[in-house]
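In what follows, a structure is listed as structure tokens, so that the remarks can point back to it.
The values are calculated or read from the model by the stated rules, or taken from the named source; none is laboratory data. Please read these numbers as outputs of a predicted model, since none were measured by experiment. Reconstructed Cβ throughout: ideal geometry from the backbone, glycine too, with neighbour counts over all protein chains shown. Accessible surface is based on the protein model in full, side chains and every heavy atom, while ligands, DNA and RNA are left aside. Shrake-Rupley method; radii C 1.70, N 1.55, O 1.52, S 1.80 Å.
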Amino acid sequence: MTSPTLILPERSHAIASDLRATLGGDKVKDDYSTLIAYAVDASMYRMTPKAVVLVESEEDIAATVRYAVQRGIPLTPRAAGTNLTGSAIGSGIILDVSRLNRILEVNRDEQWARVQPGIVLAELNKQLSRQGLLFGPDPSSGDMCKLGGMLANNSSGPHTLRYGAVKDNVGALRVCLQTGEWLDARAYWLDDPACADLLKAQGPLRDLRSVVQDNAELIARKRPIVSKNSCGYNLFGIADGLARGCFDLPKLFIGSEGTLGLFSEATIRLVEVPRATLTALVHFYRLEDVGEAVPKLLELYPSALEVMDANTLNLIGRAKHGIPADAAATLLVELDDDARGIDLWAQANRMLEICRRFRLTSDPLLALELEQREQLWKARKALYPTLYRFDPRKKPINFVDDVVVPAERISELIRYLEEFFEEQRVPVAIFGHIGNGNAHIIPLLDVNNQDDFQKMVRGYSEIHQTVLDRFGGSICGEHGDGRVRAEYVKTMFGPELYDLFVRVKQSFDPTGVFNPGIKISDRPFTDHIDYERLSKSCATCAKCNAVCPVYDVFQSEDMSSRGWFEIVTDKNYSYLNSKRVVEACLNCKSCRTACPAGVDVSQLILDRRAENPNEMAGSIFRFHAQTARFERLLKFLARYQSIWDRPLIRRLLDRLTKPFLHRLAETARLSPRLVLPRLARQHLRDRYPELIPDTGQATRSPVAYFHGCAANYFDDGVGDAVIAVLRKHGVEPDLPPQRCSGTPIETYGHRTLAKEGARVNLASMAGYEKVVTGCASCTLMLKDYPILFAGEPEQGAAEALAKRVTHISEFVSQSSVKPAMASPQPRTCKVAYHSSCHLRAAGVTKEPRAILGGMPGFDYVEMPDADRCAGGAGTYLVKDFETSQRIVERKRRAVEQSGAEVVATSCPACMIQLRTGLQGTAEVKHVAQLIQEAYEAADKL
Ligand SMILES: Cc1cc2nc3c(=O)[nH]c(=O)nc-3n(C[C@H](O)[C@H](O)[C@H](O)COP(=O)(O)OP(=O)(O)OC[C@H]3O[C@@H](n4cnc5c(N)ncnc54)[C@H](O)[C@@H]3O)c2cc1C
Ligand code: SF4
Ligand code: SF4
């Protein structure tokens, strides 16, 4: 069956305006930026849609379906867009279910939950874990993929070995059919009157039953013999049900990739969170031994058994991950202590015994603690995007990425593949779920090069055919057929069974609007390859979306880190057509910290902003640079703050400043709800004249304190605390002359101005052994000066400074002096840490936590989402107060859940934001303040 030719209206906005009239303006988008952002998923393809609908209810879904069917417009459902097959992109309407992201009901006793399709797997499990429950299937993309996509792809992951794939863990689905009617797709007993009613009402269900009943023998004959399969429609599951007297409808829809109906809800089966888990990393000297070890290890009933071959280990960097140079393959084994109450250590010993029968290259690594276990998994989980770092032209291409063979033949498969690619001289990573015989094969190719392109085409047929003929396997274990494997589904199952798939598709989707080109299509897999994007640095994996605070709030790809990469690197980008989105980024750098491919989206956005600096911000920063005049104004404001900071006057100020702030951003305002810090009447530098070196004087101390603007101008005790802590450690710091580090200046596009200040700082900080900071943003900016001055004469000095920048928490941790600490308050109180984004990006995450963890009088709790942006981001809470408050809401809930009475952080903007957002739920303090208080308390004893 060829994808149907569908009638498309001439102009895209005809579709969008029709849909807007039905659904309301906020839910429908068709501007340039939105269409570019939705033109990609994590596959190698590109298709630009005509409109995007962000549905918020079942009515929205049904109305969109009816409209698409009436007009014959392709309709592609989409969740997180992390599929690797091109199944969440399309030429018509994209229906994004991300805003339907709630858990509707959890039944702890019966272990099930009703869940909407837009929830991210990690979030779902985080919420369920509070009740000791878990959804078993765990794709490695779990931090970003959403339930809707997992259902439609029949996803699975490392722990499928224990828990099965999605199809084994779903009780019911709510499915919107082509008619716009809703089907409660569950398992119906054939003698249940409800089943008879359903069959009477729904022609496609009658067709399905007879197709399967009439062809039971063919279906049984063609059933894949391997342990996993997501290729084609799961008529095998329907046939199994009918044989038991049951019409098991979820089996058809799970894995149907949006081609038969759209889900608004699923009832999923849950399992108990294991009481303890042990992860082991075992390095084998010979690949063949892995194949022999696997059946023996499977007897231990592991919950996961993963393999990475030698090429993969080379590509991800052995030294970086502590992998021995002579390892031919590495196995990840996981053992759970669950309801069966096994003795983990006894199991682990048996596992070691089995492994040691083979030649290992080093002692296996074992980990019980979550953090260490995550460390062992880290390389495996980020593998695919990490491969993007390998070569600027040769990219990991997913075209034979998901084959399945009998588990005991996996080494034979790996050996075959290694030889095949060696002969082609193509670097390749082979890894996967060895316990299920499911191998992910990722060759690195430059598809813009004819030679490599031909290698891809040849490899596509040869490898798939070998998997079918020689191994009796499946071409698709878990990633779905999408565009990439659609061409081969017929070969996998043969024309007769394929014909049944076509009949099912035609029956459920007679107009062919549901995700055309996917699964049931004879278009070549090379159609719609995005050659241009495959030469760029981004793997479009969406890992950054999972941490982007703007995406978290808007749940729309045009307001996300991955979307912004697409937009700002698009050949038709202009500031005018994309201002809305380019100005929405907080510059929090969370994307940069998360990206396994080493892409810095925030930097690309800053580059674009630098092309269009904001004039109003420029005037403010130029005034700011005239230090004496600027500080006079601040002191004047400080003197009268008790008057102008009153609620009534703040409301008036909000109104009066609006026209002025509008020139900063349309959304900018000085909200009366914003809890402003007290401005200092005497600035930090005035309070510590003895620490200021005379002009031209040589450095007097090995340590400079770079206080930045906030600690100097705010009367919040942070600067005093940093100085007091340094003194306690025997250091009398210098406060050399300094200008704004440059973060806010660059954020508004004034790079030249930022550099001007940075040059002053480079010169005045040059002679110090250490430059201590208290502010997260200053820390990162100073460490990032080499990026600011890349290729310029200052780069060397910038690199030298970057090495010497030390956050106060690092300083305290590294110091050989260990002053006594005591509890500053009579009773123990709970303290949590909010990890400021810029400090995380600067690589400082453990030290503040370790200090807080060891502080007398405090019970340190790790709060949920501690590593997520709070939405302050310098002046963002003025630039877009409403969005910043939507972002901080998640943090407020996290603080509440943790029960923390004090939230410690390391950034002045975070402090303002947390004080505004927490609304008194907890006290907010800088880490340095808590350290200072503990030292002072000890002095008083
Ligand atoms: C780094 C990385 C690692 C990965 N690891 C794994 C892995 O270990 N195992 C694995 O199985 N996959 C893996 N994948 C692939 C992918 O993440 C999974 O298939 C995932 O479940 C897709 O979810 P999604 O929310 O991104 O869906 P999307 O990509 O948005 O959509 C996937 C399919 O679901 C359909 N769909 C979405 N929502 C609905 C709905 N409400 N109703 C009907 N159809 C819908 C779409 O039309 C599309 O056909 C990985 C991907 C990446 C980038
Ligand atoms: S920027 Fe990085 S994390 Fe984001 S989609 Fe691209 S590769 Fe993935
Ligand atoms: S800097 Fe922050 S807001 Fe901007 S794209 Fe990255 S994660 Fe999103």
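Couple of notes before you dig in:
- For residue 936 and residue 57, the FRET efficiency from 1/(1 + (r/R0)^6), where r spans their Cβ atoms and R0 equals 45 Å, is about 0.20.
- Spin-label model, residue 759 to residue 499: label points 7 Å out along the Cα-to-beta-carbon direction sit 7.9 nm apart.
- Heavy-atom surface analysis with a 1.4 Å probe gives segment 146-222 a carbon and sulfur content of 50 percent of its accessible area.
- Carbon + sulfur, % of accessible area of segment 467-582 - ligands and nucleic acids excluded, 1.4 Å: 51
- Computed from label points 7 Å out along Cα-Cβ, the spacing between residue 787 and residue 353 is 5.2 nm.
- Computed on protein heavy atoms with a 1.4 Å probe, the accessible areas place 879, 658 in the order 658, 879, largest first.
- Accessible carbon and sulfur surface of segment 816-941 relative to its total accessible area, %, 1.4 Å: 50
- Stretching residue 301 away from residue 802 to a fully extended chain increases their span by 175.4 nm, per 0.36 nm per residue minus the current alpha-carbon distance.
- Dipole moment magnitude, nearest 20 debye, segment 332-411 about Cα centre, only Lys, Arg, Asp, Glu C-beta charged: 600
- Heavy atoms of residue 620: accessible area, 1.4 Å probe, square angstrom to 10: 60
- Cα pair count fraction exceeding 15 Å, expressed as % - segment 508-569: 64
- Label positions at residue 129 and residue 896, each projected 7 Å from the Cα along the C-beta direction, are separated by 2.1 nm.
- Inverse of mean 1/r across different Cα pairs in the chain, Kirkwood, Å: 29.9
- Cα centroid separation, segment 132-180 to segment 18-79: 23 Å.
- Working note: Karplus 6.51/-1.76/1.60 with θ = phi - 60° gives segment 531-548 the couplings 4, 5, 5, 5, 9, 9, 8, 8, 8, 6, 7, 6, 4, 5, 4, 5, 10, 6 Hz, where Gly and Pro are set to x.
- Taking the Cα centre of segment 762-913 as reference, the dipole from Cβ charges on Lys and Arg (+1) and Asp and Glu (-1) amounts to some 340 debye.
- Label point at residue 22 placed 7 Å out along Cα→Cβ; residues across segment 255-283 whose backbone nitrogen lies under 15 Å: 262
- Think of the chain as a dipole: +1 on every Lys or Arg Cβ, -1 on every Asp or Glu Cβ, centred on the Cα centre; then among 575, 774, 95, 774 lies furthest on the positive end.
- For residue 271, solvent-accessible area (1.4 Å; no DNA, RNA or ligand), Å²: 40
- Listed residues 695, 752, 34 arranged by accessible area, highest first, probe 1.4 Å: 695, 752, 34
- Mean accessible surface per residue for the chain, computed with a 1.4 Å probe while every protein chain stays in place, in Å²: 37
- Charge dipole of segment 95-193 about the Cα centre (unit charges at C-beta), most positive-ward option of 144, 164, 154: 144
- Across segment 304-321, rounded Karplus estimates of 3J(HN,Hα) from the backbone phi angles (6.51 cos²θ - 1.76 cosθ + 1.60, θ = phi - 60°) give 8, 8, 10, 10, 10, 7, 4, 4, 4, 4, 5, 5, 7, x, 5, 4, 4, 9 Hz, Gly and Pro being marked x.
- Backbone amide hydrogens, once placed in the peptide plane, bring residue 714 within less than 5 Å of 680, excluding anything fewer than 5 places away on its chain.
- Among 302, 550, 81 the positive-end extreme of the charge dipole of the chain (Cβ point charges): 550
- Less than 5 angstrom separates the built amide H of residue 265 from those of 174, all sequence-distant by 5 or more or on a different chain.
- Residues of segment 736-754 with an amide N closer than 14 Å to a point placed 7 Å from the Cα of residue 612 along the Cα-to-Cβ direction: 748-750.
- List 422, 901, 746, 374, ordered by accessible area with a 1.4 Å probe, largest first: 422, 374, 901, 746
- Summing Cβ point charges (Lys, Arg +1; Asp, Glu -1) relative to the Cα centre of the chain gives a dipole of roughly 2540 debye.
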